[in-house]
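Q: The structure is given below, and queries will be raised subsequently.
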Amino acid sequence: MEQYTFSSNVEDSYKLMVQTVKAFLDGEPNVIANLANTSAIINEYVTGINWVGFYLMENGELVLGPFQGKPACIRIPIGRGVCGTTVAQKETIIVADVHQFPGHIACDAASNSEIVVPIMKDGEVFGVLDIDSPEFNRFGELEKKYLEEIVAIIEASLY
């Protein structure tokens, strides 16, 4: 596969991250393989994070999927924590300070901010992309834009 190329410009790096995800997922139907590679790619390109991975819907709750980072919570009910709230709202949630988020689930005590993007299939939530950072206010509109692009690539690979 191709070599990772980094740029000193954050947005240029995010564009390369999206292109890299596209290249890895192109023509590959296996969801677990695609999510595993995607979590590894995001982990390489996004700085200042301590966990990146996926939770997938199974029997009405989120279940841990492929990830990079410390061991994590295995099951999350819909409506609980940032991930479960993302499922309930079906929209990306950015939390500047997870300690202020009602019902936050602390899988890693070092995490201080979080972004969660829903993955949709046939109008329903298939799962979520979850990224944590030890930095407060780590995620903004730039990360939201490019992570939603990555999720759109994942969604296209699900059909």
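The values are calculated or read from the model by the stated rules, or taken from the named source; none is laboratory data. None of the values given here were measured: they were computed from a predicted structure. FYI the Cβ positions are ideal-geometry reconstructions off the backbone, even for glycines, and counts take in every protein chain you see. SASA here: full protein model, heavy atoms, side chains in, ligands and nucleic acids out. Shrake-Rupley method; radii C 1.70, N 1.55, O 1.52, S 1.80 Å.
Q: Within the stretch 1-100, report the trypsin sites (Lys or Arg not before Pro) that DSSP leaves as loop and that have at most 13 other Cβ atoms within 10 Å.
A: Lys90
Q: Kindly rank 123-129, 38-44, 103-109 from highest to lowest mean number of other beta carbons found within 10 Å of each residue.
A: Top to bottom by mean Cβ count within 10 Å: 38-44, 123-129, 103-109.
Q: Counting only helical runs of four or more DSSP H residues, what would the 222 nm mean residue ellipticity of the chain come to if each run contributes -39,500 (n - 2.57) and the total is spread over all its residues?
A: -11500 deg cm²/dmol
Q: Of Ser39, Ser113, Met17, which is farthest towards the positive pole of the chain's charge dipole, taken about the Cα centre with +1 and -1 on the beta-carbons of Lys, Arg and Asp, Glu respectively?
A: So the residue furthest toward the plus end is Ser113.
Q: Another question about this same structure. Quick one: how many Å² of Phe101 are accessible to a 1.4 Å probe, rounded to 10?
A: Taking all protein chains as shown, Phe101 has close to 40 Å².
Q: Going by average Cβ neighbours within 10 Å, how do the peptides 112-120, 133-141, 24-32, 51-59 rank, with the highest at the top?
A: Peptide ranking by packing, descending: 112-120, 51-59, 133-141, 24-32.
Q: Another one. With +1 on each Lys and Arg Cβ and -1 on each Asp and Glu Cβ, and nothing else charged, work out how big the dipole of the chain is about its Cα centre, in Debye to the nearest 20.
A: 240
Q: Right, next: Rounded to a whole number, what is D in µm²/s for the stretch 15-57 from Stokes-Einstein with the Kirkwood radius over alpha-carbon pairs (25 °C, 0.890 mPa s)?
A: Translational D for this selection: 224 µm²/s.
Q: Could you compute Rg(Cα) / (2.2 N^0.38 Å) for the chain, with N its residue count?
A: So the chain has a normalised radius of gyration of 0.96.
Q: On to the next question. Figure the gain on full extension for Glu124 and Glu91 (residue separation times 0.36 nm, minus the Cα-Cα span) and round it to one decimal in nm.
A: Using 0.36 nm per residue and subtracting the Cα-Cα distance, I get 10.7 nm.
Q: Another one. Run the numbers for Asn9 and Ala33: contour at 0.36 nm per residue of separation, minus the present Cα-Cα distance, in nm.
A: Fully extending the segment from Asn9 to Ala33 adds 5.7 nm.
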